Amino acid sequence: MKILENVLLKELTTMRLGGAAEYVIEVEKKEELAEAFEFIRDKNLAVYFLGEGANSLGRDEGFSGAILMNKIKGIRILEESEEGGEKYMKIEVAGGEIWDDVVKFTTGRGLTGIEAMAKIPGTAGAAPVQNIGAYGQEIAQTLETVEAYDTLIDEIVEIPKEKMNFGYRKSIFNSGETRGRYFIISITLKLKRGEIRQPFYNSLQKYLDENGISDYSPKSIYQAVAAIRAEKLPDPKEIASAGSFFKNIYVDDAEAERLEKLGVPIRRGEAGRNKVNTGYLIEAAGLVGKSFFGFKVNEKASLVLINESGKSFSDLEKAVAEIARVVKEKFGVSLEKEPVEIKEN
Ligand SMILES: Cc1cc2nc3c(=O)[nH]c(=O)nc-3n(C[C@H](O)[C@H](O)[C@H](O)COP(=O)(O)OP(=O)(O)OC[C@H]3O[C@@H](n4cnc5c(N)ncnc54)[C@H](O)[C@@H]3O)c2cc1C
């Protein structure tokens, strides 16, 4: 276990903002967690769990407390099985593994289930928190269990998928009373040997058609998704961003009807859960490519805000308020932000 003091949050987050965290505790083995929480309790510190900081925003005042980072590594094959003529493999992935390395590991073994989530930045430990997803796949579809340190009872527990209340960018780990309660140590995935099944996500199908690709093996789909993402999403190593800054929004039937009359495309869902493509709202409001206080609305993926020259979190807040104001004025819709601020729960 490593304990560092006064570490700038802008060094730990991909949006590259934020003042100093009082402590950063890096945990390399799960056995160190009891000691880490003892340190946190002894000093009566607030705590924030952090992976690669690809969905976390540092605030200007920094963080008065401890940032607990999962640096536990390892991918283990647990079992191979056959059910109804299909072959499966279960793997256990330590939370400190880089998610894209996990996708490479599985696609390299001919396993399907997470290949469309190639190149999502961040750690495996953070993946269930907002139920990461892309191009038609989300982790809820292949996740089996999570091993976590339960800070309420100071014990390591195993949580089955059924108890994680997954939704769009939502789980027990980031919502309700259980938000911030569990430090994820490792995750277990069950993946199938074989190929992703059609119908594919529209933009993926389009890329495959345009490039004459009929090989749907996990490795081939990994490469296709990686190429699509490289074309439109900023690489956090080169360009500061937190990925999609705004979430897609779900509205009831009456609101869907109102927006449709304004020309907004809506994907109708069951039980009044209708999906509004927030990217469309931003585009139709004429915000694409515009910069506000050093933060630019990305040209190729309009939900993404790029930190071009923004120096402070308060400037980001001003930029977001301006974008939200314009969208609200034009469509009467309130934008919801996806990344999480690093602050006390
Ligand atoms: C360029 C770019 C593209 C992106 N594309 C996508 C995309 O296609 N789909 C998508 O879903 N997301 C996307 N994201 C968002 C981001 O990649 C995911 O949210 C990812 O899971 C973040 O991982 P992280 O380790 O960086 O999390 P962090 O930002 O470090 O943490 C995110 C949240 O998880 C919590 N957390 C972190 N580690 C743990 C742990 N061990 N235990 C418990 N809680 C923990 C944090 O407290 C915080 O609430 C993108 C981001 C960027 C920058």
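The values are calculated or read from the model by the stated rules, or taken from the named source; none is laboratory data. Note that the structure is a prediction, hence the values are computed from the model and not measured. Backbone-built Cβ (ideal geometry, glycine too); neighbour counts: all protein chains shown.
Could you please find all residues in region 234-252 being aliphatic (A, V, I, L, M) and over 14 Å from the mean Cα position of the chain (by Cα)? Let's see the steps before the verdict.
Initially, region 234-252 is screened for residues aliphatic (A, V, I, L, M), giving 239-240, 242, 249, 251.
Passing the criteria: Ile239, Ala240, Ile249, Val251.
Could you tell me whether Ala134 is over 29 Å from Val7 (Cβ atoms) and within 17 Å of the chain's Cα centre (by Cα)?
Judged against the criteria, Ala134 is a match.
Just checking, does region 208-215 include any residue being within 15 Å of the ligand (Cβ to nearest atom) and either at negative phi or among the aliphatic types (A, V, I, L, M) (or both)? Outline the logic, then answer.
In the first step, residues of region 208-215 are kept if they are within 15 Å of the ligand (Cβ to nearest atom); the result is none.
No, because not a single residue in region 208-215 is within 15 Å of the ligand (Cβ to nearest atom) and either at negative phi or among the aliphatic types (A, V, I, L, M) (or both).
Restricting attention to region 3-47, and to residues there that are closer than 30 Å to Lys296 by Cβ and out of contact with any Leu (no Cβ under 8 Å at 6 or more places or on another chain), which single residue is nearest to the ligand (Cβ to nearest atom)?
Looking only at region 3-47, we keep the residues that are closer than 30 Å to Lys296 by Cβ, and these are 7-21, 24.
If we keep only those that are out of contact with any Leu (no Cβ under 8 Å at 6 or more places or on another chain) as well, we get 7-8, 11, 14, 16.
Working: Val7: 14, Leu8: 15, Glu11: 13, Thr14: 5, Arg16: 11 Å.
So the residue we want is Thr14.
If I go through region 165-198 residue by residue, how many of them are under 24 Å from the mean Cα position of the chain (by Cα), free of Cβ contacts under 8 Å to residues at least 24 places away in the same chain and assigned to a loop (DSSP other than H, G, I, E, B)?
4
I need a count of the residues in region 119-164 that are away from the ligand (no atom under 11 Å from the Cβ), closer than 27 Å to Met15 by Cβ, among the hydrophobic types (A, V, I, L, M, F, W, C) and in a loop (DSSP other than H, G, I, E, B).
Residues that pass the stated criteria total 1.
Identify all residues within region 224-238 that are loosely packed, with under 15 Cβ neighbours inside 10 Å and either more than 20 Å from Gly289 (Cβ to Cβ) or more than 11 Å from the ligand (Cβ to nearest atom) (or both); write none if there are none. Reasoning before the result, please.
Going residue by residue through region 224-238, those that are loosely packed, with under 15 Cβ neighbours inside 10 Å are 227, 230-232, 235, 237-238.
Within region 224-238, Ala227, Glu231, Lys237 qualify.
Quick one: which residue in Val27, Val47, Val93 is touching a helix residue (DSSP H, G or I) at 6+ places or on another chain (Cβ under 9 Å) and within 30 Å of Ile196 (Cα to Cα)? Full working, then the answer.
Values: Val27 fails: within 30 Å of Ile196 (Cα to Cα); Val47 fails: within 30 Å of Ile196 (Cα to Cα).
Answer to the check: Val93.
Quick test of your reading of the structure: Phe49 fulfils all but one of (1) in the same structural domain as Ser171 (by TED's automatic domain parsing); (2) closer than 21 Å to Lys161 by Cα; (3) out of contact with any Lys or Arg (no Cβ under 8 Å at 6 or more places or on another chain). Name the failing condition by number.
(1)
Has region 63-70 got any residue that is at pLDDT 95 or above, assigned to a strand (DSSP E or B), hydroxyl-bearing (Ser, Thr, Tyr) and surrounded by 15 or more Cβ atoms within 10 Å (Cβ to Cβ)? Can you show your working first?
Narrowing region 63-70 to residues at pLDDT 95 or above: 63-70.
Among the residues that remain, those that are also assigned to a strand (DSSP E or B) are: 63-70.
Still in the list and also hydroxyl-bearing (Ser, Thr, Tyr): 64.
Filter again for surrounded by 15 or more Cβ atoms within 10 Å (Cβ to Cβ), leaving none.
So far as region 63-70 goes, no, none of its residues is at pLDDT 95 or above, assigned to a strand (DSSP E or B), hydroxyl-bearing (Ser, Thr, Tyr) and surrounded by 15 or more Cβ atoms within 10 Å (Cβ to Cβ).
Which residue is surrounded by the most Cβ atoms within 10 Å (Cβ to Cβ), if the candidates are limited to region 175-194 and must be among the polar types (S, T, N, Q) and out of contact with any Gly (no Cβ under 8 Å at 6 or more places or on another chain)?
Residues of region 175-194 among the polar types (S, T, N, Q): 175, 178, 186, 188.
From the residues that got through so far, the ones that are out of contact with any Gly (no Cβ under 8 Å at 6 or more places or on another chain) too are 175, 178, 188.
Working: Ser175: 14, Thr178: 17, Thr188: 19.
Per the criteria, the residue is Thr188.
On the basis of being among the hydroxyl-bearing types (Ser, Thr, Tyr) and over 29 Å from Lys296 (Cβ atoms), does Ser217 make the cut? Step through it out loud before you land on a result.
Values: among the hydroxyl-bearing types (Ser, Thr, Tyr): yes; over 29 Å from Lys296 (Cβ atoms): yes.
For Ser217, the condition - among the hydroxyl-bearing types (Ser, Thr, Tyr) and over 29 Å from Lys296 (Cβ atoms) - is met.
Among (1) farther than 27 Å from Asp60 by Cβ; (2) under 25 Å from the mean Cα position of the chain (by Cα), where does Leu262 come up short?
Only one criterion is unmet by Leu262, namely (2).
Would you confirm whether or not region 256-268 contains a residue that is hydrophobic (A, V, I, L, M, F, W, C), out of contact with any helix residue (DSSP H, G or I) (no Cβ under 7 Å at 6 or more places or on another chain) and within 16 Å of the ligand (Cβ to nearest atom)?
Checking region 256-268: not a single residue is hydrophobic (A, V, I, L, M, F, W, C), out of contact with any helix residue (DSSP H, G or I) (no Cβ under 7 Å at 6 or more places or on another chain) and within 16 Å of the ligand (Cβ to nearest atom).
Please list, ordered by first then second residue, the pairs with beta carbon atoms under 8 Å, 6 or more apart or interchain, first in region 314-327 and over 11 Å from Phe245 (Cβ atoms), second of a type in the set (Gly, Ala, Ser) and surrounded by fewer than 16 Cβ atoms within 10 Å (Cβ to Cβ).
Val326/Gly286
Scanning region 89-118 for residues that are away from the ligand (no atom under 12 Å from the Cβ) and small (Gly, Ala, Ser), which turns out surrounded by the most Cβ atoms within 10 Å (Cβ to Cβ)?
Among residues in region 89-118 that are away from the ligand (no atom under 12 Å from the Cβ) and small (Gly, Ala, Ser), the one surrounded by the most Cβ atoms within 10 Å (Cβ to Cβ) is Gly113.
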